[in-house]
1. I'd like the residue in the stretch 158-178 that is closer than 20 Å to residue 198 by Cβ and out of contact with any Gly (no Cβ under 7 Å at 6 or more places or on another chain) and, out of all such residues, is surrounded by the most Cβ atoms within 10 Å (Cβ to Cβ).
2. Go through 102, 69, 64, 111 for me and flag whichever is charged (D, E, K, R) and under 9 Å from the mean Cα position of the chain (by Cα).
3. Hey, can you tell me all the residues within the stretch 41-66 that are closer than 19 Å to residue 111 by Cα and either out of contact with any strand residue (DSSP E or B) (no Cβ under 8 Å at 6 or more places or on another chain) or free of Cβ contacts under 8 Å to residues at least 60 places away in the same chain (or both)?
4. Looking at (1) of a type in the set (S, T, N, Q); (2) open to solvent by 50 Å² or more (accessible area, probe 1.4 Å); (3) closer than 19 Å to residue 96 by Cβ, can you tell me which one residue 155 breaks?
5. So residue 189 clears everything in (1) in contact with a strand residue (DSSP E or B) (Cβ under 8 Å, 6 or more places away or on another chain); (2) surrounded by 16 or more Cβ atoms within 10 Å (Cβ to Cβ); (3) modelled with pLDDT of 75 or more except one condition, right? Which one?
6. Could you count how many residues in the stretch 83-112 are open to solvent by 10 Å² or more (accessible area, probe 1.4 Å), part of a loop (DSSP other than H, G, I, E, B) and in contact with a Cys (Cβ under 6 Å, 6 or more places away or on another chain)?
7. Open to solvent by less than 10 Å² (accessible area, probe 1.4 Å) and over 12 Å from the mean Cα position of the chain (by Cα), is that true of residue 80?
8. Would you mention how many residues in the stretch 132-150 are crowded, with 21+ Cβ neighbours inside 10 Å and touching a residue at least 40 places away in the same chain (Cβ under 8 Å)?
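The values are calculated or read from the model by the stated rules, or taken from the named source; none is laboratory data. Note that this is a predicted model, so its numbers are computed, not measured. Because the Cβ atoms are built from the backbone with ideal geometry, glycine has one as well, and the counts that use them run over all protein chains shown. Protein only, heavy atoms only, side chains kept; ligands, DNA and RNA dropped before computing areas. Shrake-Rupley method; radii C 1.70, N 1.55, O 1.52, S 1.80 Å.
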Amino acid sequence: MRRSALGHDPPIGNVRIGKGALIDDDVRLGSEGRRAQTRLIEIGRDARIRGGSAIDEGARIGDRLETGRNVLIGEDTVIGADCHISSNTVIEGGCVVGDRVRIEANCYISRFTTIGDGVAIGPGACLANDPHPGSAAHGCLRGPTIEPGAQIGMNATVLPFVTIGERSVVGAGSVVTRDVAPELVVAGNPARVLKSIAEVVCPLDLEEGEYLRQPDQAAATTPGPSPAQNWK
């Protein structure tokens, strides 16, 4: 297991690992094959990156990332602090992921997706980026934008160019084909508005108005902006 004890020392092999990070030995850091790595990988303090995972060149990751096994983080992707990415999830290159984001197992986050602070994405969700995948050019790729505090249910699909509004909820198995305004619950195929999040009632007596709560700013354990905030 790789362990960083010094923290943000001069990079070794074009990889800079923050103090207290634990990275399993079978994690790949950098380019595959014989192609020379040209862009620095930065991993923040106290990360825990588990076996079978891979982080491509140019990725910049804030403090306290925790992954499951077999997680892929693509080239030039930026991830904030205090994020959790569960096993077998793929985050392709060129994505921006905010602070305190939780992405569960078996998710696919396509290239050029933007995910705001405090977002939760359920298992098996897919965020697409290609409006016409049969094209050989792939010249208009752009993933969805998931605004802060939104929640995406299990096995939901969000199509390219779509924006999911702040604190909105996407029901499990939904296919979202158009923008969702803030603080709405949508579900179905295609997804349709069901209600405001102010009307959501939890069968386990969740505190009234919980879905309206702003993303928790108290989760960060260190003062000042995270490294990823400076990269955005």
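1. 164
2. Only one candidate qualifies: 102.
3. 41, 53, 54, 55, 56, 57, 58, 59
4. Every listed condition holds for residue 155 apart from (3).
5. Single failed check for residue 189: (2).
6. Total meeting the criteria: 0.
7. It is false that residue 80 is open to solvent by less than 10 Å² (accessible area, probe 1.4 Å) and over 12 Å from the mean Cα position of the chain (by Cα).
8. Looking only at that region, the number is 2.
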